[in-house]
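Chemist: Just dropping this structure here.
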Amino acid sequence: MVTVPRNAAISETEKNSVGLWKEAIEQRTGVKITPDREKALSMLLDRRMKELQCGDINQYFEDSLDDAKGAQEWSGIIDSLLIKETSFFRHQPSMDFVTDWVAEKVSEGELTEPLWVWSLGCSTGEEAYSLAMLIEQAMDAAGVVPRYGIIGTDISRDCITQARRGVYRQSKMTHINGSFQEAYFDQVGKGLWRVKDSVRRRVCFVNSNVLTDQSPMVRRKMHLIYCQNMLIYFRRWKRREIVNQLIEHLETDGRLILGMGELGNWIPPGLARVAPRTVQAYVKSRYGLQGDAG
Ligand SMILES: C[S@@+](CC[C@H](N)C(=O)[O-])C[C@H]1O[C@@H](n2cnc3c(N)ncnc32)[C@H](O)[C@@H]1O
């Protein structure tokens, strides 16, 4: 066991330990800690060890990785390190694509069952609620009773807690047009807005890791999987592995929408690219494999 004096300059042991943390984080979450995030990781570990009055960096590492003993510490570290930036209607062309797709499904009478949507890596919920609002509006506009369910998942416990509350500051509302704000939010305090119950009861948030997910909620087949700005933190081969798994969750003829450029030119097997160039959207083919299996 190596004891590291907390005030010493960063020792080899400490450097190695940061390396071990980087590896563990990537292995468990898929997220690659880039060199510019290493300093943040190192400072975070230093702070936590001081708070816990722990002088042994190896012991701290082992304890934090222990599934039973370290679950809370691990989740706190992950929560502090992950980039969780998000906003309502973050990528408008993708949102417009969803609106058109829902409107088309409704007008062609294809909606014989509720529409199931998965917002993966949903952060604090803005993406899932944006999808709910526009689906609700498209169904309302077509005069059909809204029948849909949205599942938002994220590895961050803090994010999921906030998403479930569905309360947002005024500064978060800038991308929401006035009619949406009026129709789908209640003011619940000075500069605080809560998503209306009618929308919130359609959206369910689950704390889950895409790499290990066993949640029955997301084991069902989805009509739309919306996953933006999460895969960019993963290595390319990992992105492909995850997308191949997502395809299993997608209904035939379902849509997968990713962030622009997140897969490069690779077309996943079983999917075909749809939508304008400004949207990275795929349809699950009825006719088996089409993409590039590489
Ligand atoms: C930058 S945010 C993107 C939020 C939203 N999708 C958007 O585009 O605005 C990335 C989210 O992915 C989540 N995330 C990272 N690794 C994950 C994993 N292995 N499983 C589930 N969520 C993960 C993070 O916690 C974070 O909230």
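Chemist: For segment 16-114, list the helices (runs of 4 or more DSSP H) that sit wholly inside it and hold at least 1 residues that are in contact (Cβ under 8 Å) with a residue 12 or more places away in the chain, out of contact with any His (no Cβ under 8 Å at 6 or more places or on another chain) and of a type in the set (Lys, Arg); which are they?
Modeler: Passing ranges, in order: 35-51.
Chemist: Does residue 84 count as basic (Lys, Arg) and either more than 16 Å from the ligand (Cβ to nearest atom) or in contact with a Phe, Trp or Tyr (Cβ under 8 Å, 6 or more places away or on another chain) (or both)?
Modeler: Numbers: basic (Lys, Arg): yes; either more than 16 Å from the ligand (Cβ to nearest atom) or in contact with a Phe, Trp or Tyr (Cβ under 8 Å, 6 or more places away or on another chain) (or both): no.
No, not satisfied.
Chemist: Can you tell me how many residues within segment 122-144 are assigned to a loop (DSSP other than H, G, I, E, B) and surrounded by fewer than 24 Cβ atoms within 10 Å (Cβ to Cβ)?
Modeler: To start, the set of residues in segment 122-144 that are assigned to a loop (DSSP other than H, G, I, E, B) comprises 122-125, 142-144.
Now drop any that are not surrounded by fewer than 24 Cβ atoms within 10 Å (Cβ to Cβ), which leaves 142-144.
Qualifying residue count for the region: 3.
Chemist: Give the residue, chosen from 116, 101, that is closer than 15 Å to residue 227 by Cα and either more than 16 Å from the ligand (Cβ to nearest atom) or outside the structural domain of residue 227 (by TED's automatic domain parsing) (or both).
Modeler: On the way: 101 fails: closer than 15 Å to residue 227 by Cα.
After ruling out the rest, the residue left standing is 116.
Chemist: Take residue 277 and tell me if it is more than 17 Å from residue 116 (Cβ to Cβ), within 13 Å of the ligand (Cβ to nearest atom) and surrounded by fewer than 16 Cβ atoms within 10 Å (Cβ to Cβ).
Modeler: no
Chemist: Follow-up question, since we're still on this one. Taking residue 106, is it at pLDDT below 95 and either under 23 Å from the mean Cα position of the chain (by Cα) or away from the ligand (no atom under 11 Å from the Cβ) (or both)?
Modeler: Working: at pLDDT below 95: yes; either under 23 Å from the mean Cα position of the chain (by Cα) or away from the ligand (no atom under 11 Å from the Cβ) (or both): yes.
Spelling it out, residue 106 is indeed at pLDDT below 95 and either under 23 Å from the mean Cα position of the chain (by Cα) or away from the ligand (no atom under 11 Å from the Cβ) (or both).
The values are calculated or read from the model by the stated rules, or taken from the named source; none is laboratory data. Computed from a predicted model, the values in this text were never measured in an experiment. Glycine gets a Cβ as well: all are built from the backbone with ideal geometry, and neighbour counts include every protein chain shown.
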